[in-house]
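Since the structure comes first, as structure tokens, the remarks are kept for the end.
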Ligand code: GLA
């Protein structure tokens with residue numbers, strides 16, 4: 001049976017078992033892997049993510065009380081949000097649900113009461129945008145219940161506001177836009193300033209393998225905020241709105257005036273933006289070798305200049321690059337732990353994966369995982385009665 005049918009059925013029956021009634025709607029929001037363009041989104045730059053065939057599923061049934069109850073089936077936890085008064089901020093995953101309800105209400109979308117059940121297979125905290133998938137699943141359900149027209153970009157921005165203003169995580173806009181705007185068989189080239197999206201056809205013969213290092217780094221948030229502040233300081237030194245506006249020529253001319261750390265951060269962002277555009281061009285041309293080279297250069301820049309890699313991520317990249325069929329590999333997401341993304345010749349996927357997992361186990365004491373992914377559509381209504 002199709003994986004989608006299995007997931008819809010799982011969400012339907014778990015809802016029925018818990019709430020003792022059938023849901024009337026099931027929505028789905030995928031995770032994403034970023035092929036290239038790391039730490040560029042909050043610098044108004046470019047990113048090239050792909051929505052993957054791992055998703056959060058939310059089964060929903062409307063009721064008349066002014067509250068929303070959501071059960072996280074896989075965590076065995078539940079929250080209830082009073083939709084007439086948003087006061088106390090919940091912790092953990094519940095804050096994201098609450099935040100999206102708050103932001104949708106603020107955006108003028110009428111809220112109603114409902115019960116919901118969440119399930120899914122996006123690994124949490126692994127750099128695959130599980131939070132954005134959760135946000136967009138809630139947004140998709142609220143919009144459907146309200147009969148509100150689904151504009152993916154507008155909804156992505158509403159969810160982004162929820163994460164920044166309600167949850168208090170100062171992330172860039174990449175994840176929400178990717179989860180909302182993904183298209184099957186395409187990568188998403190996003191200009192994070194204009195929010196212009198271009199769907200770049202995924203070339204034949206190329207597989208995306210996501211390699212989970214099995215590490216999750218605490219304190220990602222403080223390191224992330226520190227990087228953001230350093231990028232902002234660099235933009236100020238160049239007299240521009242964001243690092244997006246610094247050309248390689250401007251950088252070469254003024255780099256010596258910056259302090260060492262700020263100079264490295266700026267160099268990463270400026271060169272990474274150029275790599276994203278070059279990678280999109282190479283994808284369009286089906287030039288996988290070139291995309292792979294750009295991914296390798298991106299990892300080196302994240303390692304040396306942006307300093308967000310880790311021994312586990314580096315070990316995984318090294319193992320991937322020496323495995324059969326690999327065009328390129330790099331850390332994906334914020335860094336410090338989580339996953340590596342590899343571009344692999346499709347017919348070699350099985351031997352590639354086997355080699356990498358064996359190599360990584362031999363060099364670390366960690367338990368890795370590999371997910372072979374394909375590009376799927378963004379957040380959608382999966383089932384409706
Ligand atoms: C996290 C953030 C994104 C982006 C990446 C790094 O995933 O949520 O907005 O900044 O880190 O590229």
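Each reported figure results from applying straightforward, stated rules to the coordinates on display, with no laboratory input. Given the structure is predicted, the values throughout are model-derived calculations rather than measurements. FYI the Cβ positions are ideal-geometry reconstructions off the backbone, even for glycines, and counts take in every protein chain you see.
Can you tell me the orientation of helix 288-304 relative to the chain, as the angle in degrees between its alpha-carbon axis and the longest Cα principal axis, to the nearest 10?
Between helix and principal axis, roughly 90 degrees.
Out of the DSSP beta bridges found with both residues in the chain, what percent are antiparallel (nearest 5)? Working shown, then result.
On the way: 53 of 58 bridges.
In the chain, DSSP labels about 90 percent of beta bridges as antiparallel.
What nm distance separates the two modelled labels at residue 195 and residue 63, each placed 7 Å from Cα along Cα→Cβ?
Taking the simple label geometry, residue 195 and residue 63 are separated by 3.4 nm.
Which value in Å is the Kirkwood Rh of region 21-167 over different Cα pairs? Present the calculation step by step, with values, prior to reporting the outcome.
On the way: mean 1/r = 0.0643 Å⁻¹.
So the Kirkwood estimate lands at 15.5 Å.
Within region 183-218, what residues put their amide N at less than 19 Å from the label point 7 Å along the Cα-to-Cβ vector of residue 154?
Backbone N within reach: 194-197.
Under a no-solvent Debye model with one identical scatterer per Cα of region 136-278, what's log10 I(q)/I(0) at q = 0.16 Å⁻¹?
For the requested q values the scattering log ratios are -1.11.
Work out how much length residue 233 to residue 381 would gain on full extension: take 0.36 nm times their residue separation and subtract the Cα-Cα distance, in nm to one decimal.
Numbers: separation 148, 0.36 × 148 = 53.28 nm, distance 4.23 nm.
Here the segment from residue 233 to residue 381 would lengthen by 49.1 nm.
Over region 10-62, what is the relative contact order in whole percent, taking alpha-carbon pairs under 8 Å and six or more residues apart? Intermediate values should be presented prior to the final figure.
Details: 77 pairs, mean separation 22.8, N = 53.
Relative contact order for region 10-62 comes out at 43 percent.
Before anything else, pin down the relative contact order of the chain: Cα pairs under 8 Å, at least 6 apart, normalised by residue count, whole percent. Mind dumping the intermediate values first?
Working: 844 pairs, mean separation 90.8, N = 385.
24 percent.
Which of 317, 220, 291 moves the most in a Gaussian network model of the chain with Cα springs under 10 Å?
220
Defining a contact as two alpha carbons under 8 Å apart and six or more residues distant in sequence, what relative contact order in percent does region 1-144 show? Don't skip to the end; give the middle numbers.
Details: 254 pairs, mean separation 43.0, N = 144.
Once divided by the residue count of region 1-144, the mean separation gives 30 percent.
At q = 0.17, 0.22, 0.30 Å⁻¹, what log₁₀ I(q)/I(0) does a Debye calculation on the Cα points of region 179-232 give, no solvent, two decimals?
Result of the Debye calculation: -0.91, -0.96, -1.06.
Per DSSP helix of 4 or more residues, -39500 (n - 2.57); summed, then divided by the residues of the chain. What does that give at 222 nm, rounded to the nearest 500?
Numbers: 11 runs with 160 residues, N = 385.
Value at 222 nm, helices only: -13500 deg cm²/dmol.
Take the Cα radius of gyration of region 53-115 and divide it by 2.2 N^0.38 Å, with N its residue count; two decimals is plenty. Numbers along the way, then the final one.
Values: Rg = 11.9 Å, N = 63, 2.2 N^0.38 = 10.6 Å.
Normalised Cα radius of gyration, region 53-115: 1.12.
Order by neighbour count: 167, 8, 344, fewest other Cβ atoms within 10 Å first, most last. Write out the running numbers ahead of the final one.
Numbers: 167 21, 8 17, 344 28.
Ordered by Cβ neighbours within 10 Å, fewest first: 8, 167, 344.
Top mean-square fluctuation among 290, 228, 254, Gaussian network model of the chain, C-alpha springs under 10 Å?
Among 290, 228, 254, the largest GNM mean-square fluctuation belongs to 254.
Quote the Stokes-Einstein diffusion coefficient, in whole µm² s⁻¹, for the chain, based on the Kirkwood radius over alpha carbon pairs, a temperature of 37 °C and a viscosity of 0.692 mPa s. Walk me through the intermediate numbers first.
Details: Rh = 21.2 Å.
After rounding, the answer is 155 µm²/s.
For a footprinting-style exposure proxy, rank 22, 93, 114 by other Cβ within 10 Å, fewest first.
Taking fewest neighbouring Cβ atoms as first place, the list is 22, 93, 114.
With a ≥ b ≥ c taken as the square roots of the eigenvalues of the C-alpha gyration tensor of region 197-262, please select rounded if a/c is under 1.5 and otherwise prolate if a/b is larger than b/c or oblate if it is not?
Details: a/c = 2.69, a/b = 1.42, b/c = 1.89.
In terms of gyration-tensor shape, oblate.
How far, in nm, would the chain grow between residue 112 and residue 223 when pulled straight, counting 0.36 nm per residue and subtracting the alpha carbon separation?
On the way: separation 111, 0.36 × 111 = 39.96 nm, distance 3.82 nm.
Stretched out fully, the residue 112 to residue 223 stretch lengthens by 36.1 nm.
I'd like the orientation of helix 311-321 relative to the chain: the angle between its Cα long axis and the longest Cα principal axis, in ° from 0 to 90, rounded to 10.
70
Could you tell me how far the Cα centroid of region 107-134 sits from the Cα centroid of region 8-41, in Å?
The distance from the Cα centre of region 8-41 to that of region 107-134 comes to 7 Å.
Using the alpha carbon gyration tensor of region 309-369, what are the three equivalent-ellipsoid semi-axes (square root of 5 times each eigenvalue), largest first, in whole Å?
On the way: eigenvalues 65, 37, 14 Å².
Semi-axis lengths for region 309-369 are 18, 14, 8 Å.
Modelling each spin label as a point 7 Å along the Cα-to-Cβ direction, I'd like the residue 358/residue 346 distance in nm, to one decimal.
Here the modelled spin labels are 2.6 nm apart.
Between residue 77 and residue 307, 0.36 nm times their residue separation minus their Cα-Cα distance comes to what?
Details: separation 230, 0.36 × 230 = 82.80 nm, distance 3.59 nm.
Result: 79.2 nm gained on full extension.
List the residues of region 44-78 whose backbone N lies under 18 Å from a point placed 7 Å from the Cα of residue 22 along the Cα-to-Cβ direction.
Flagged as within label range: 58-63.
Computed from the mean reciprocal separation of all distinct C-alpha pairs, what Kirkwood hydrodynamic radius does region 202-373 have, in Å?
Working: mean 1/r = 0.0591 Å⁻¹.
Evaluated on region 202-373, it is 16.9 Å.
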